[in-house]
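Here the structure is laid out as structure tokens; the discussion comes afterwards.
The values are calculated or read from the model by the stated rules, or taken from the named source; none is laboratory data. For clarity, every value in this text was computed on a predicted model and none was experimentally measured. Here the Cβ positions follow ideal geometry from the backbone for every residue, glycine too, while neighbour counts run over all protein chains shown.
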């Protein structure tokens, strides 16, 4: 097994499970915020807050607010319910959570970046949605510096390999990987010819990759 730190970057899902628990509280310790430098962290939470106000979501700590709002929350890995996430076996997630060498980071239309363990609310936004005339969320996030936030997270985690599973509207984030240190290898996983089945194949390949990287932990 390669012991170099590896991060797998994936997109969120437009299809989500509804509901959640209003009695649990968003925690910074389970979020991407914990792994960011001070300035990128502040920027990420500011962007979340701006989108919450723009699209009418109740304020809360998860969206950069200072007070807790009793909205139903759920782990991101459980909330997202698209083909990519359905293809990843539930048995993979626990050894992944305990791994020091492998991480999954999710690019989200509302949250920017989340870990699979971050508590998030139900939301309907997608990267293809317009936030301003002629400006879709994918472009808006790119203009706000989401790519540089992701680069900061990867570099602070001492990452040596980044697996890029982004595509479509999320592809602009990938452009920032060129700013990574030359010591970081970027592996791009392309599914351009899979069309409507692309997320199914992404999920299948991510599961195979995680099984390989986590083999000592799941055997």
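At a glance:
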quantity: Residue in segment 58-72 that is under 30 Å from residue 196 (Cα atoms) and surrounded by 14 or more Cβ atoms within 10 Å (Cβ to Cβ) present; calculated: no
quantity: Residues satisfying the stated conditions in segment 119-145, i.e. in a helix (DSSP H, G or I) and either at pLDDT 95 or above or crowded, with 16+ Cβ neighbours inside 10 Å (or both); calculated: 137, 138, 139, 140, 141, 142, 144
quantity: Which numbered condition residue 185 fails, given (1) touching a residue at least 24 places away in the same chain (Cβ under 8 Å); (2) under 19 Å from the mean Cα position of the chain (by Cα); calculated: (2)
quantity: Residue under evaluation residue 155, criteria (1) assigned to a helix (DSSP H, G or I); (2) touching a helix residue (DSSP H, G or I) at 6+ places or on another chain (Cβ under 7 Å); (3) surrounded by fewer than 19 Cβ atoms within 10 Å (Cβ to Cβ), criterion not met; calculated: (2)
quantity: Top-ranked residue in segment 79-92 [being surrounded by fewer than 18 Cβ atoms within 10 Å (Cβ to Cβ) and in contact (Cβ under 8 Å) with a residue 60 or more places away in the chain; ranked as nearest to residue 20 (Cα to Cα)]; calculated: 81
quantity: Every pair of residues 6+ apart whose Cβ atoms lie under 9 Å, when the first sits in segment 121-142 and is on the phi > 0 side of the Ramachandran plot while the second is surrounded by 18 or more Cβ atoms within 10 Å (Cβ to Cβ) and at pLDDT 90 or above; calculated: none
quantity: Pairs where the first residue, in segment 168-179, is closer than 8 Å to residue 142 by Cβ and the second is modelled with pLDDT of 85 or more, C-beta under 6 Å, 6+ apart; calculated: 172/138; 172/142; 173/107; 173/146; 173/147; 173/166
quantity: Selection status of residue 17, surrounded by fewer than 18 Cβ atoms within 10 Å (Cβ to Cβ), under 27 Å from residue 130 (Cβ atoms) and in contact with a helix residue (DSSP H, G or I) (Cβ under 6 Å, 6 or more places away or on another chain); calculated: yes
quantity: Single unsatisfied condition, residue 219 versus (1) at pLDDT 90 or above; (2) surrounded by fewer than 16 Cβ atoms within 10 Å (Cβ to Cβ); (3) out of contact with any helix residue (DSSP H, G or I) (no Cβ under 7 Å at 6 or more places or on another chain); calculated: (1)
quantity: Segment 1-14, subset under 19 Å from residue 177 (Cβ atoms) and within 19 Å of the chain's Cα centre (by Cα), residue surrounded by the fewest Cβ atoms within 10 Å (Cβ to Cβ); calculated: 5
quantity: Tally of residues being surrounded by fewer than 18 Cβ atoms within 10 Å (Cβ to Cβ), in contact with a helix residue (DSSP H, G or I) (Cβ under 8 Å, 6 or more places away or on another chain) and without any contact (Cβ under 8 Å) to a residue 24 or more places away in the chain across segment 29-41; calculated: 1
quantity: Selection status of residue 44, touching a strand residue (DSSP E or B) at 6+ places or on another chain (Cβ under 6 Å), within 28 Å of residue 202 (Cα to Cα) and touching a residue at least 24 places away in the same chain (Cβ under 8 Å); calculated: yes
quantity: Any hit, segment 160-171, residues being at pLDDT below 90, surrounded by fewer than 19 Cβ atoms within 10 Å (Cβ to Cβ), at negative phi and not in a loop (DSSP other than H, G, I, E, B); calculated: yes
